[in-house]
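Reading through the C-alpha cells given below for one structure.
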Amino acid sequence: TFSGTGILGGGTWNGVTVNRTAQTLGSTALVDSSGAASGISVAIPAFQGAWNLASQAASSWKPLLGDYVYVNAAGQSTATIGLSGLGSSTAWDLVFYAADGQGEGSEFTIGGITKRTTDSGGIGATLTDGDEYVSFTNVLSDNLGAISITWSNYSGPAGSVLNGFQIQS
C-alpha cells in the first residue's frame with residue numbers, strides 16, 4: 001500500500017485487492033485522501049493478469065509502481081476502467097500511473113483524448129508525465145456521475161500495466 005504525495009497531492013491511498021484468477025476488479029468503494037468514504041467506486045470488469053514486481057529497484061515509488069494489473073497483446077488487448085458516484089456532469093482531474101520500470105507503456109483514452117506512458121525503463125526519484133504517468137484535466141462525468149476510461153496496450157507483447165490512479169474534483 002502506497003502512502004504519500006502523488007501528482008495530485010498526498011494522503012491516504014486505497015489498497016485494492018484484485019481477483020487474479022477471475023481477472024476482474026468488481027466495483028470497489030474508494031476513500032478520500034483523509035481516509036474517509038468518498039462515495040466514488042472503481043471497477044475493471046476484465047484484464048489479463050496481476051503482478052507484484054518484488055524485484056523492482058528500490059525507490060520511493062516502489063510501493064506504488066511495484067504492483068499492477070495488465071493487458072497484454074499490443075493493439076488487441078483493452079480493458080475498461082469505470083468510475084462511478086462522481087455526481088452528474090462534474091469536472092475531475094485524473095492521473096493514471098502506468099510503469100513497472102521494464103518499458104511496458106500503456107494507453108488511456110477518455111472522451112476521444114488518448115495519452116500514453118512510455119515507461120522508458122527504470123524508476124527514478126521523480127516521475128515524468130508521459131513516462132510513468134499521464135494526466136487528464138477537467139474531465140466531465142456523464143449525467144449518471146460516471147467516467148469510462150479505455151486502457152490498452154499499444155507498445156508490445158510484454159503487456160501494459162496499471163499501477164494506480166488519482167482523481168480530484
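Here the range 153-169 is the region considered, the condition is being within 20 Å of residue 16 (Cβ to Cβ) and out of contact with any helix residue (DSSP H, G or I) (no Cβ under 8 Å at 6 or more places or on another chain), and the residue that is surrounded by the most Cβ atoms within 10 Å (Cβ to Cβ) is 160. Going through (1) within 15 Å of the chain's Cα centre (by Cα); (2) modelled with pLDDT of 85 or more; (3) surrounded by fewer than 17 Cβ atoms within 10 Å (Cβ to Cβ); (4) aliphatic (A, V, I, L, M) one by one, residue 37 falls short only on (1). Every test in (1) at pLDDT 90 or above; (2) part of a strand (DSSP E or B) is passed by residue 87 save one, and that test is (2).
From the set of residues in the range 84-102 that are aliphatic (A, V, I, L, M) and surrounded by 15 or more Cβ atoms within 10 Å (Cβ to Cβ), which is farthest from residue 27 (Cα to Cα)?
Here is the first cut: in the range 84-102, the ones aliphatic (A, V, I, L, M) are 86, 91, 94-95, 98-99.
Of the ones still in play, those that are also surrounded by 15 or more Cβ atoms within 10 Å (Cβ to Cβ) are 86, 94-95, 98-99.
Details: 86: 14, 94: 18, 95: 19, 98: 21, 99: 24 Å.
Among those that are aliphatic (A, V, I, L, M) and surrounded by 15 or more Cβ atoms within 10 Å (Cβ to Cβ), it is 99.
The values are calculated or read from the model by the stated rules, or taken from the named source; none is laboratory data. All values reported here derive from a predicted model rather than from experimental measurement. Don't worry about glycine lacking a Cβ; one is built from the backbone with ideal geometry, like all the others, and counts go over all protein chains shown.
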